[in-house]
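Have a look at the structure below before the remarks.
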Amino acid sequence: MTAVGADTSVRRSVSRRAVLQGTGALIVTFTIFPVASSQETGGAKTSAGAPKLPGSLTNAPFLDAWIRIDADGSATAFTGKAELGQGIKTALLQVTAEELEVPLNHLTLITADTALTADEGYTAGSHSTQDSGTALRNAAAQAREILIGEAARRMNLPADQLKAANGTVIAPNGARLSYADLVSPTLLHVQAQPNSKLKDPDSFRIMNRSQPRVDIPGKVTGGSVYVQDMRLPGMLHARVVRPPSYGAQLATVDTGAVERMPGVVRIVRDGNFLAVVAEREYQAIKAMRSLAVATQWRERPALPKQADLAATLLSLPVEDFTIFEKPVSTSTAAATAVEATYTRPYLAHASVGPSCAIAQLQDGSLTVWTHTQGVYPDRQAIAAMLGLAPEKVHCIHVEGSGCYGHNGADDAAGDAALIASQVPGHPIRVQWMREQEFAWEPFGPAMITKAHASLDSSGRIADWDYGVWSNTHSTRPGPAGSLLAGQHMARAFPPPPPKPLPQPEGGGDRNAIPLYELPRAKVVHHFIPSMPIRVSALRSLGAHMNVFSIESFMDELALAAHSDPVAFRLEHLNDPRARAVVTTAADRFGWAARQKGGNGRGCGFGFARYKNLAAYCAIALELEVERETGRVRVQRIVAAVDTGQVVNPDGIRNQIEGGILQSISWTLYESVSFDETRILCVDWSTYPILRFDSVPNRVDVDLVDRPGQPFLGCGEASQGPASAALANAIADAIGKRLRELPLTAARIKAAVGI
Amino acid sequence: MSFASRFARITVGVIVTLAVVSALFFAFAWHSSIDPVEPPTASAFDHAVVLRGAQLAALGECVTCHTAADGRVFAGGRAIPTPFGTIYSTNITPDPLTGIGQWSLAAFERAMRAGVDRKGRDLYPAFPYDHFTLLRDEDVKSLYAYLMTRQPVRVPAHPNELDFPLNFRPLLAGWKLLFFRQGRYRQDRSHDETWNRGAYLAEGLAHCGACHTPRNLLGAEKKDQHFGGGESENWHAYAINSASQSPVPWEANTLQFYLRNGWHALHGVARGPMTPVVENMAGVPETDVQAMAAYVISLMGQPTPERVRHAEGLATRKVAPPVAAQPDNVGATLYTAACAVCHESGRPLPFGGIDLALSIGVSGEDPTNLLHVVLEGLPAAGEAPMPIMPGFAHTLSDPQLLALLTYLRSRFAAKPLWSDTETAIRHAQEAERRR
Amino acid sequence: MELKVNGRIHSVAAAPDTPLLYVLREDLQLNAAKYGCGLGQCGACTVMVDGEAVLSCVVPILLLQGKEIMTVEGLGSIDKPGPMQRAFIEEQAAQCGYCIPGMMMRAQALLQKNPQTSDAEIRRQLEQNLCRCGTHMRILRAVRRAAQLMQTPETAVDTGRST
Ligand code: FES
Ligand code: FES
């Protein structure tokens, strides 16, 4: 790859040593990083009294933690965020190159690595551009100004007469000094300032232009891109023999025959943790299968009945949090009351590539290559699990298959670390099997929502009550007990007590507060601490279900008010940017002129501002329902999105399209199945997802341009609106409202009747 | 329905018997047209009758034949290839122009009972009126009510692509004269109500014999080998009488479960043309499924003590863990490398692979279906949970396939190889290459 | 055992029952074919064998003696991408990209047999390949673009047989 390509091969070639020898004196800054937040939000904690720095600069306030310029003029940007297939590398390179005034292909990006980059928590919650992009943009702008200042000093000219371009500072008389000439070891080792001299959006040359993603050429030509592709000298292949169910206890294992199998190097047992290490990958698989047959487990039925899931969850003890309350104002008498209950099952991340990690213990230090979303929290968990000091553990992010939240990545890293600690010297590669990924990944939680509202005589919403019942939406590392290996080893670490994620971003209550203007409203988060099924963060957390519910309910209210769904929304929407995406989507779709719903053809609309503070997204779609079978065929979709200042327009479209299609899959087809003992969906035949035959004919994404506005994360913005638009279009097509996810053909057929 | 071979035979039959029937020909070949009616409105039908019609339509498999691969339900157009051309199913939605919207109940009833359309043309017996003729009046009425309340879809009939003389419809009268008798189902007083209900459904609307009974040279079911094993869309329809080769003998409750759910732990998962049959069966009242199972089991009779012993052996047998590759036995190595991963995974049906000792594909009287499954697999399709199996059409050579079949048959069925397996393999591979 | 991959004969030491996928990845150090399920259910491991799309995770190498195996690496290189690869780059048809090599190989097999294939046929063929990122719209566009590129003389040159 070219220099732009911050792909893994390039990335690995930038060793820690090279960095330390560079001009940035980076190591100094690391020791003084403030402790970063480990919340799902990935948000920064500001120490009291300090000036508020933009984005993640708060976590790492020295410029050279973000930007480094070598003596040869090559520039490197550092981010604590990871490429998850969302195209963040390209966007961050664009942001940095733009403000730093270097050509895009002269800039390298180093991503999440506990030895090299700032602690930016997790790559999650659509925060990367918002946090890291903002930090890099400001750091780059400040670095540019420092370089200009240095040039001014040397040229003896006022700084405001100089300008930077192409890695060079240029004087009015044409004299120029390259960044290579200007840079010195300590030049950028300065504290960031709260305010930067950011470029005027009109002068952008790199930002707000569709830039081909730097990672795609490697991905389509068989490059070494993923952690699965790494081959290290002396590497051995491990497979874990997982218990057949949660809480199963290893009764007996007869390892004799397996130990004698070809290529088998070691069987690792630690409590309920059982694994086999072999020289070659397929040998490890065969040994794993034989070892599984030679192992007896004691299981007990501890899971709820899938058929009564909603009732079971509602019967569990809750902690209630009133997250929004607006007492009655000038009350107009309510004319019509509407209420509804919606349910969602557990959903799987279901990455196409099962999780994988490599770990190597050498001289008491452990290196872990992992596709975790948070190298620092993962390091903390692994260190605690193995009783090592965190500095002895080095976590390096290498891409994996898309994760869409907390899947098996961290657990695979924990597995590799535990095995490597018992087979020192060798890099140990652990690849989860398909069945293990499904049975053991932490699922997106099942949820229940209840909405009640009344309309006044003019058909406007008079009051609004909404409750959401949910488990936590994050059981991510930090603690050792968050890793399966930590839970299963003899010195079993308990899973950490579940906590609700706080507002304003929230977890199960994410997007539970409508953006609509409501004269009286109350929103309660009924947090369910006990978790019968292992759960954690799934793309958009509670927003998928809350937006599905609220936006379905808005349509139910519009129906009761004899109002058009889009008009009804606009009547209750004041935020001009929200109104803009709603009208843009409606206009582009041709909402006003759409064919009236019925006879199996319908249109639906959905809108939300993700987390009520990130990107705005409105979606209109048209579909057909086959009456005899209940099968849904989505015809066309139009989305309008406002992400603030746009960095990579095509990158945003790619994310929004992907989110919509994934949401179609969640909403129409998916649910985790289980009996009273085991998870039953363990492969693609038992957990089907969207296939090509059901892909819409057309998806158009319109970006509402907001030059100069702050970046708004968009990676998860379309999940909720897409699900609601689907439900609303189905209701339009068949004249019946479905409130139970997934909206399967069988359920639709049952609603249609004969 | 084995339309292909059926039509081949019918053609021959028609030509051969042309002379015999010619004298009677005109008497049978002419039917009057029945006047068109205004399409009835949905409110013209009692909801309970429509509901009953839906269940009957499911039993009759109407949707399977009358829906094209990517077409609208009941709008016809499903292509049925025959050696002499292609026949297309018709639109049975109540669209007045292209469907049956203008058909009166009398016209519908005549089609069901006599195989004659509204305009008086003889219907090809791909439409199994030789079974439907047994229906009771009220069931015909219910079916009519159900179909007339479907969504009308305007899809013109796809013209059949048949060669002379088969495209000359009146010839069908000759076939009817020889092999088709109209008549209602008659209760058999020597059996109970359930049995009679089962017989009525299995012989009539569900037309099980259309596939499971072998046919004579002229394409008619051999009455003396009733349910003795037939053919359907190039799949073998196993014998479901006393000749059943099922490793574990069927029982009324296992058959009922299988018909209802499409699989049974001791018998495997319905495949090929049986798949839509069991899918439709989900919409049928349990008592009807139970009755059909009881009837079919009565025809199977008591299994021999030998079969019972064999079945007991299977139940108590311990499945060996995957064995290591045996380089000198290609069949065994193939099984271990490619099949055992799923078929010995211990994962339960219907999504895990079946223990092949229980598979009728391996133990049955004909290798056709086993070849289908090995070569085509069970390709993933759609978004409902379903078993998926990779196909090996592009990787197995004929000798490798023979080695695999030989190994499976001897290890899991303990039976000699089928006669002429090589030919079956050759045909199957050729069919695959044409796909 | 000898295997012919991307035009070159390799002799491999793996046991004959080893599925092709592991031999490609481990012995031949080819990254493109991916492990997704090992059960023949997802298509991530799709390669071409004698011009047909085949799931390499379930095909033991003993079946492949004398056959021509082609992987994404055989379609071109990062410096000289083949038409299928160019099409995926030009359409930006990847998110995480993990499913993409399998998609490309199935599409390649289809287009080699029928360069004028219909949209419906592309969907039908790709039905067996899963993408979790929801890149489907772009994948469909990329396959259509690849069909065009393959028919344009200057881009149709087979850049395979790299390595
Ligand atoms: S990995 Fe081969 S089909 Fe999934
Ligand atoms: S691009 Fe990620 S799975 Fe397809």
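The values are calculated or read from the model by the stated rules, or taken from the named source; none is laboratory data. Remember, it's a predicted structure, so these values are computed and weren't measured experimentally. Cβ coordinates were reconstructed from backbone atoms using ideal geometry, including for glycine residues, and neighbour counts include every protein chain displayed. Accessible surface areas use protein heavy atoms only, side chains included; no ligands, DNA or RNA. Shrake-Rupley method; radii C 1.70, N 1.55, O 1.52, S 1.80 Å.
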Notebook entry, point to check: Name the residues in the stretch C:20-49 that are more than 8 Å from ligand 1 (Cβ to nearest atom), closer than 20 Å to A:Ala357 by Cα and touching an Asp or Glu at 6+ places or on another chain (Cβ under 8 Å), would you?
Noted result: C:Tyr22, C:Arg25, C:Glu26, C:Leu30, C:Asn31, C:Ala32
Next item on the list: Quick one: in the stretch A:711-743, of everything that is open to solvent by 40 Å² or more (accessible area, probe 1.4 Å) and not acidic (Asp, Glu), which residue is nearest to the other protein chains (Cβ to nearest Cβ)?
Entry: A:Gly735
Margin query: Could you check the stretch B:345-361 and list, in sequence order, the residues that are under 14 Å from B:Ala270 (Cα atoms) and either open to solvent by 30 Å² or more (accessible area, probe 1.4 Å) or not in a loop (DSSP other than H, G, I, E, B) (or both)?
Written below: B:Phe351, B:Leu358, B:Ile360, B:Gly361
Next item on the list: Can you confirm whether the stretch C:83-105 contains a residue that is away from ligand 2 (no atom under 15 Å from the Cβ), more than 7 Å from chain A (Cβ to nearest Cβ), touching a residue at least 40 places away in the same chain (Cβ under 8 Å) and part of a loop (DSSP other than H, G, I, E, B)?
Entry: no
Notebook entry, point to check: Would you call C:Gly36 outside the structural domain of C:Leu110 (by TED's automatic domain parsing) and within 16 Å of ligand 2 (Cβ to nearest atom)?
Noted result: yes
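Look through C:Arg123, C:Arg138, C:Arg132, C:Arg145 and report the one residue that is of a type in the set (D, E, K, R) and more than 8 Å from chain A (Cβ to nearest Cβ).
That would be C:Arg145, the only listed residue that is of a type in the set (D, E, K, R) and more than 8 Å from chain A (Cβ to nearest Cβ).
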Notebook entry, point to check: Only one of these conditions is not met by B:Ser232: (1) under 20 Å from B:Val284 (Cα atoms); (2) hydroxyl-bearing (Ser, Thr, Tyr); (3) at pLDDT below 95. Which number is it?
Noted result: (1)
Notebook entry, point to check: Just wondering, is there one or more residues in the stretch A:651-661 that are among the polar types (S, T, N, Q), within 14 Å of chain C (Cβ to nearest Cβ), open to solvent by 10 Å² or more (accessible area, probe 1.4 Å) and more than 21 Å from A:Cys603 (Cβ to Cβ)?
Noted result: yes
Next item on the list: Could you look through the stretch B:228-249, keep only residues that are among the aliphatic types (A, V, I, L, M) and farther than 24 Å from B:Cys62 by Cβ, and pick out the one that is surrounded by the fewest Cβ atoms within 10 Å (Cβ to Cβ)?
Entry: B:Ala243
Notebook entry, point to check: Does at least one position in the stretch B:384-398 carry a residue that is free of Cβ contacts under 8 Å to residues at least 40 places away in the same chain, open to solvent by 20 Å² or more (accessible area, probe 1.4 Å), within 13 Å of chain C (Cβ to nearest Cβ) and outside any loop (DSSP other than H, G, I, E, B)?
Noted result: yes
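Take the conditions of a type in the set (D, E, K, R) and open to solvent by less than 50 Å² (accessible area, probe 1.4 Å) and apply them to A:Arg209. Does it pass?
Judged against the criteria, A:Arg209 is not a match.
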Notebook entry, point to check: Limited to the stretch A:234-286, what total is found for residues that are open to solvent by 50 Å² or more (accessible area, probe 1.4 Å), more than 15 Å from A:Asp415 (Cβ to Cβ) and free of Cβ contacts under 8 Å to residues at least 24 places away in the same chain?
Noted result: 3
Note to self: Just checking, does the stretch A:545-554 include any residue being open to solvent by less than 20 Å² (accessible area, probe 1.4 Å) and over 30 Å from the mean Cα position of the chain (by Cα)?
What the structure shows: no
Notebook entry, point to check: Could you say which residue among A:Leu621, A:Leu680 is more than 16 Å from ligand 2 (Cβ to nearest atom), at pLDDT 95 or above and open to solvent by 10 Å² or more (accessible area, probe 1.4 Å)?
Noted result: A:Leu680
Next item on the list: Identify the residue in the stretch C:18-47 that is facing chain B (nearest Cβ under 10 Å) and either out of contact with any helix residue (DSSP H, G or I) (no Cβ under 7 Å at 6 or more places or on another chain) or surrounded by fewer than 23 Cβ atoms within 10 Å (Cβ to Cβ) (or both) and, among all such residues, is nearest to C:Met103 (Cα to Cα).
Entry: C:Cys42
Margin query: Going by what's in this entry, would C:Glu68 be described as acidic (Asp, Glu), more than 11 Å from ligand 1 (Cβ to nearest atom), open to solvent by 10 Å² or more (accessible area, probe 1.4 Å) and at the interface with another protein chain (Cβ under 9 Å from one of its Cβ atoms)?
Written below: no
Margin query: Could you go through the stretch A:372-384 and let me know if any residue there is open to solvent by less than 20 Å² (accessible area, probe 1.4 Å) and among the basic types (Lys, Arg).
Written below: no
Check: What is the residue count in the stretch B:203-227 for residues that are of a type outside the set (S, T, N, Q), in contact with a His (Cβ under 9 Å, 6 or more places away or on another chain) and crowded, with 19+ Cβ neighbours inside 10 Å?
Finding: 9
Note to self: more than 10 Å from every other protein chain (Cβ to nearest Cβ) and in a loop (DSSP other than H, G, I, E, B): is that true of A:Ala302 in this structure?
What the structure shows: yes
Notebook entry, point to check: Any chance the stretch C:124-145 includes a residue that's within 16 Å of ligand 1 (Cβ to nearest atom), among the acidic types (Asp, Glu), outside the structural domain of C:Leu20 (by TED's automatic domain parsing) and out of contact with any Pro (no Cβ under 7 Å at 6 or more places or on another chain)?
Noted result: yes
Item checked: Checking A:Ser315 against (1) open to solvent by 70 Å² or more (accessible area, probe 1.4 Å); (2) of a type in the set (Gly, Ala, Ser); (3) within 14 Å of chain C (Cβ to nearest Cβ), the condition it does not meet -> (3)
Notebook entry, point to check: Say we look at the stretch B:145-168 and pick out the residues that are more than 23 Å from the chain's Cα centre (by Cα) and in a helix (DSSP H, G or I); which of these is farthest from the other protein chains (Cβ to nearest Cβ)?
Noted result: B:Met148
Next item on the list: Among the candidates B:Ala107, B:Ala75, single out the residue that is surrounded by 21 or more Cβ atoms within 10 Å (Cβ to Cβ), modelled with pLDDT of 95 or more and farther than 28 Å from A:Arg631 by Cβ.
Entry: B:Ala107
Item checked: Index of the failed condition, A:Ile689 passing every other in (1) open to solvent by 10 Å² or more (accessible area, probe 1.4 Å); (2) within 16 Å of ligand 1 (Cβ to nearest atom); (3) among the β-branched types (Val, Ile, Thr) -> (1)
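Conditions (1) open to solvent by 20 Å² or more (accessible area, probe 1.4 Å); (2) on the phi < 0 side of the Ramachandran plot; (3) not β-branched (Val, Ile, Thr), marked per residue:
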site	(1), (2), (3)
A:His426	yes, yes, yes
A:Glu437	no, yes, yes
A:Met447	no, yes, yes
A:Gly459	no, no, yes
A:Trp464	no, yes, yes
A:Gly467	no, yes, yes
A:Ala480	no, yes, yes
Margin query: Considering only residues that are in contact (Cβ under 8 Å) with a residue 60 or more places away in the chain and not aliphatic (A, V, I, L, M), which ones fall in the stretch A:548-567?
Written below: A:Phe548, A:Ser549, A:Glu551, A:Ser552, A:Phe553, A:Asp555, A:Glu556, A:His562, A:Ser563, A:Pro565
